[in-house]
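Student: Have a look at this one before I ask anything.
The values are calculated or read from the model by the stated rules, or taken from the named source; none is laboratory data. Computed from a prediction, not measured in an experiment: that's the story for all the values here. FYI the Cβ positions are ideal-geometry reconstructions off the backbone, even for glycines, and counts take in every protein chain you see. To get the accessible areas, we keep the full protein, side chains included, count just its heavy atoms, and leave off ligands, DNA and RNA. Shrake-Rupley method; radii C 1.70, N 1.55, O 1.52, S 1.80 Å.
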Amino acid sequence: MKKLLFLIFNLLFFISCYTSSPPVSYFSRDLPIPPLLEGTLINGETNYKFHVRKGKSQIIEGVKTNTYGYNGNILGPTIKVRKGQNYRFKIHNNLGERTSVHWHGLRVPGEMDGGPNQMFIDGDYWEPHYKIEQPASTLWYHPHTWHKTGKHAYMGLAGLYIIEDDISDILPIPKEYGVDDFPIIVQDKRFDRWGNLIYSNEHIDSMYGMRGDTLIVNGIFAPTLDINKKYIRLRILNGSNASNYLYSFSDNRDFYQIATDGGFLEKSNKLKKIFLSPGERVEIIVEFKEEDKKKDIYLRGDDTNIMKLNVMNLDKNIEKIPNTLVDFQEYDIPSNVKVREFILEGLGHMVAINRRQINMNRVDEYVPLNNIEIWEIRNIGTSHGGMMGMRNMMGMGNNNNFTNGGKSLNGHSFHIHAVQFRVLERNGQKPKAFEDGWKDTIFVDLEEVVRVAVKFEDKGLFMYHCHILEHEDNGMMGTFLVE
Ligand code: C2O
Ligand code: CU
Ligand code: CU
C-alpha cells in the first residue's frame, strides 16, 4: 500500500513537472573535459596527489545534486602516464568513510592494485607507486570499497587513466587532449524529486544492478561537444554500474574503432554501432564533412541521444584514418595449457562464481607467475526456475546483447585485475574484430561461453569479478594469488 501511494505520488509529481516547471534545457551546456592531473618529478618518479571527497554538482542544469569526486565535485582528473616511467601517488581520503582506489586495467603488483584489501580510512592516505609496463591504452580508476563499490562509483567516483608510449606518439591519429582527443565517460543515473541521486536498495536494482533512466556524459546530462577538427577521437568508457549500451550516431554514420580496453587494434575497424558493458572502453575516430555543419548529430546510447556534436570547423588534423595500427605478438599457447573454468550464475544476492561468493580470507585460484593460461567463462544464468519465469514475465527473453544493447539484463561483465587478455573464442567462434584486441573486461551473455588467453606477469593477490557493481558488492567476486 505504501508503495502504491509512493508510486501515485511520483506520477503526480512527474505530471506536474512536465506541465508547470520550465523545461530542462537539453544540449545547452558544453561537455566538461576532466582536467589532466599535474604531477612533479622527484627522483625519477612523477608524484601525483589527489583526494577523495564529497561535493555538489549540477548534473542537471540548475539542480544541485550531492555527489562524490576525486579533487572536484564529481568524477576525477584524467591521469596521463607513459610506458616505462615511474609514478607515485598520494591519495587522501576526505570522504568521511573508508574507500580504495583501483587502477582498472593496469598491470601492477598486488599491493598497488587498490582492491578491497587496500582500503584506507577517512583522514588517512594511501601511497601506491609503480612503473608502467604496458602499451598505450585507455584505462580508468574507481573505488573498490568492500560492499560499497556500487554506491561509491554511482555517487561519482571514477576517472580516466591514459597510457601513452612511443607507438601512440607516432601513429597518425588525433591525440591532443580536449582538442581532438576526448574522454567520454558515460553513466546512467536516477534522481529523486529533490534532484538527489537515488541509489536504490529495491529488489530489482540488486537483481540486475543499479540502472538509471538518465544518461550523463562526463558528469552532466545532455552536453554538447563543439567539433573544430576534421577527425576526432573519442575514448568511450561505459562507467555505468550495470547498464550495457550500444553506441552509435544519430545519422547512422560510420566510425572507426582503433582500440579495445587494453590498447590499439591491429587494424582500424569500420563500424556503425559498438557494444560496451560496464567497465569496458573503446577508442573510436569519427570523420566530419562540410555538410555536417548544418546537421544535428548526436552520440547515442541505445536509442537515446546522449551528447550533441556541433560541427564548427573542419581544421585538418590528420590525413586520413590509418588502416594498420600496431602489430600483435600472438600468444603461443602451450599444448598442456592450464584451463580454468569460471561459472557465472545467479542474480541479485544469489550471484556466484563457481558456486561461491567472495571470501577475502580465501584464495580461489593459485596462479603461477608468467604462465599463459586459458580462462573459460560461462554464464549459466540461474538454476532457479523462478528467475526464468520472471524474465519471461518481464518480456526479457534471452535476446542478444550485441544487437539489443541494454535491453537484455542477464549478462555479466567479467573483469580480471592487473592483466590484459585476448579473446580466443566466443561460443566456439573466433572473436569478431571489435573484441579481437587486448581486453580486461568481457561481456558474457546468458548461456554464452567465452575463452580468453591470459598471462600473469605481476605478483600478488588480485580479484576477478562481475563488473555489474551490485553483483560484485553482493559477492560475485573471487581472489587469485600470483606467485
Ligand atoms: Cu573496474 Cu575490480 O574493477
Ligand atoms: Cu580492475
Ligand atoms: Cu553480474
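Student: Taking only C-alpha pairs under 8 Å that are 6+ residues apart, what is the relative contact order of the chain in percent?
Tutor: 15
Student: A further question on this structure: Kindly identify region 245-339 as rounded, prolate or oblate by the Cα gyration tensor criterion: order the square roots of the eigenvalues as a ≥ b ≥ c, call it rounded if a/c is under 1.5, otherwise compare a/b with b/c, prolate if a/b is larger, else oblate.
Tutor: Here region 245-339 falls in the oblate category.
Student: Okay, moving on. Could you list which residues have their amide H under 5 Å from that of residue 134, counting only those 5 or more apart in sequence or on another chain, with H placed in the peptide plane?
Tutor: 84
Student: Residue by residue through region 369-381, what is 3J(HN,Hα) from phi via Karplus (6.51 cos²θ - 1.76 cosθ + 1.60, θ = phi - 60°)? Round to whole Hz and write x for glycine and proline.
Tutor: With coefficients 6.51, -1.76 and 1.60, one gets 4, 6, 8, 8, 10, 10, 10, 10, 10, 10, 9, 9, x Hz.
Student: Evaluate E = 1/(1 + (r/R0)^6) for residue 43 and residue 432, where r is the Cβ-Cβ distance and R0 equals 41 Å; express this FRET efficiency to the nearest 0.05.
Tutor: After rounding, the FRET efficiency stands at 0.35.
Student: So how much slack lies between residue 336 and residue 147, counting 0.36 nm per residue of separation and subtracting their Cα-Cα distance, in nm?
Tutor: Length difference between fully extended and current span is 64.3 nm.
Student: Stretch residue 252-residue 320 to full length: gain in nm at 0.36 nm per residue minus the Cα-Cα span?
Tutor: 22.5 nm
Student: Here is a follow-up. Could you give each residue of region 428-437 its phi-based ³J(HN,Hα) in whole Hz, using Karplus coefficients 6.51, -1.76, 1.60 with θ = phi - 60°, and x for Gly or Pro?
Tutor: Values per residue, Gly and Pro as x: x, 9, 4, x, 5, 3, 5, 10, 8, x Hz.
Student: Computed FRET efficiency, Cβ-Cβ of residue 166 and residue 481, R0 41 Å: what is it to the nearest 0.05?
Tutor: Working from the Cβ atoms, E equals 0.75.
Student: Using a 1.4 Å probe, what is the accessible area per residue for the chain, in Å²?
Tutor: Heavy-atom accessible area per residue stands at 42 Å².
Student: Where the accessible area of the chain is counted over protein heavy atoms with a 1.4 Å probe, how much of it, in %, is carbon and sulfur?
Tutor: Of all accessible area on the chain, carbon and sulfur atoms account for 51 percent.
Student: Also, quick follow-up: Net charge around residue 371, counting only other residues with Cβ within less than 9 Å of its Cβ (Lys, Arg = +1; Asp, Glu = -1)?
Tutor: +1
Student: Here's something else I'd like to know. Relative to a virtual label point 7 Å from the Cα of residue 369 in the Cα→beta-carbon direction, which members of region 456-483 show backbone nitrogen distances below 14 Å?
Tutor: Residues 456-461, 481-483 qualify, since their backbone N sits under 14 Å from the label point.
Student: Could you check what % of the DSSP bridge pairs in the chain are antiparallel, to the nearest 5?
Tutor: Expressed as a percentage, antiparallel bridges in the chain total about 70.
Student: Which order do the peptides 30-41, 341-352, 52-63 take when ranked by the mean count of other beta-carbon atoms within 10 Å per residue, highest first?
Tutor: Taking the mean over residues of other Cβ atoms within 10 Å, the ranking is 341-352, 52-63, 30-41.
Student: Next up: Quick one: if the Förster radius is 22 Å, what FRET efficiency do residue 357 and residue 200 give, using the C-beta to C-beta distance and rounding to 0.05?
Tutor: After rounding to 0.05, the efficiency reads 0.55.
Student: In region 170-199, what chymotrypsin sites (Phe, Trp or Tyr not before Pro) fall in a loop by DSSP, with at most 10 other Cβ atoms inside 10 Å?
Tutor: Listed in order of number, the matching sites are 194.
Student: Can you list residues whose amide H is under 5 Å from residue 297's amide H, if they're 5+ apart or on another chain and H is modeled 1.01 Å from N?
Tutor: Close amide H contacts, sequence-distant or interchain: 309.
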